[in-house]
Each structure stands twice: as C-alpha cells, then as structure tokens.
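Written below as structure tokens is the structure these notes are about.
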Amino acid sequence: MDNKQYESETIKKESNNKLFIIIICLFIFIIMVIGISVATFTYTKESNSDINTISTGNIYLNYTEDTNGINITNAYPMNDELGKILTDENQYFDFTVEASITGDVITKYEIYAEKLNNSTLNNDEVRLYLEKMVNNNYEEVMSPKNFTPLTESTELGTMAGSMLLDSGTLNKSDIIRYRLRMWVDESTVVGDLEKTFGVTVSIKAKIDVDD
C-alpha cells in the first residue's frame, strides 16, 4: 500500500469517527431539549394520596336592575324600624351571588359597598341594612349601621375606604340572594339644599386549594 492510499483511508476513518461523534452529540442534545420542554410545561400537584386535577369556574354578581348599586336623593330621615321595611322601588336593591365552580376547592368571598364620589351626605348620616334569602324569606345579615369604611384592605383584596357588607364561602353551584336597603339617619338635620348618597356593590373572591 502506497503512502497516498494509506493517508486517504486514514482521513476517511477520521471523518467517519467525527461524523459518528457529531451524531451522538446531536442525539444527546435532542434528548435534553425534549426533557427540558416536558419539565417546563408539565405541572402536577400531589396531595397525601392521589394526584388532584384542579378546575375552577366563575363567581359573579347578578343584578336585578341595570345599575350595580343604590342611591338616595333628598330623602327624609327615619328610624331603623322604618328603614328595615322600606318597599318602594328606589329604596332597596336586590342582587345575587352565583357560583359555578368545579374541582376540590374552597371559595371565600366578600360583598362590599363603595361610596360614589358625588355623594354629599356624610357617612354618619346614612344607614345601610343587608338581608339574605333563607328558605324563601329574607333574614338579617348586617344590622343597620352607618357607612363605615375599612381602615385597611382585607386579605381577599377589598380595598380600604370600602364598607364590608358580608363574607362567607361558596360551594360548587351556590346561588345567594341579597337585599340591600339604605336610608337617611334619623339624627340627620335636613336643610334646604338637596343632598345625595350612593354606593356601588361589588364582590371579591379567592379560591383556595383544599389539600
């Protein structure tokens, strides 16, 4: 075998070896990429027994009217006994909390009122009263009280300055009906100027996984 043929075969073997090494490296790289992708996009939550699949739905307020709150304008002061039984259309506000939840979760919620910026009555000149329907009858949830803003935000996220009306937990398909009344406190001095007070009603909810 002459030198040229020997050198040619040697170069061919070295090329084959390099190609084999490159193929092995590419194969290892592909396996690593697939492994990283799976680790990135797959998430499981393990409890003490089985693996849980968690799926959540919606929690929302359903209003009986086009607005999401109640206003009083130039109303006369009255005591709590009269205020609690107001029946005129503009003197109470009905709303419903509805839940549609799937999965093994605990849902906490808060109902709160926010004072409208154009209100001219003071907080202590207004009374709010909340009821909840139980067995087709409304029962007291919050006794009559003046508008009382929170001094700090709650854990669920109801902001300071709002008034907390009610709180509780929701099951998978709960429907809770509320009725809010609002009137002018009996101790308020009525003047010649028209005064108003309005609030909007909202909900905050938090879903906790039940481990």
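Counting charges near THR87 (Lys, Arg +1; Asp, Glu -1) among other residues having Cβ under 15 Å from its Cβ returns a value of -2. A Stokes-Einstein calculation at 25 °C with viscosity 0.890 mPa s, built on the Kirkwood radius of the stretch 54-209 over Cα pairs, returns a diffusion coefficient of 149 µm²/s. Computed from label points 7 Å out along Cα-Cβ, the spacing between MET159 and ASN171 is 3.5 nm. Counting other Cβ atoms within 10 Å, keep those with at most 13, restrict to DSSP loop, and tell me which trypsin sites (Lys or Arg not before Pro) in the stretch 137-201 are left. The qualifying sites are LYS172.
Here the stretch 54-209 is assigned +1 on the Cβ of each Lys and Arg and -1 on the Cβ of each Asp and Glu. Its dipole about the Cα centre then comes out at about 360 debye. For the pair GLU194 and ASP94, what calculated FRET efficiency results from E = 1/(1 + (r/R0)^6), where r is the Cβ-Cβ distance and R0 = 25 Å, to the nearest 0.05? Working from the Cβ atoms, E equals 0.45. Among the lysines of the stretch 80-211, pairs at least eight places apart or on separate chains and with Cα atoms under 23 Å apart come to 20. Reported to the nearest whole Å, the Cα centre-to-centre distance from the stretch 93-121 to the stretch 129-177 is 7.
Values in this text are rule-based calculations from the coordinates and carry no lab data. Please read all numbers here as calculations on a predicted model, not as lab measurements. Here Cβ is always computed from backbone atoms with ideal geometry, including for glycine, and neighbour counts include all displayed protein chains.
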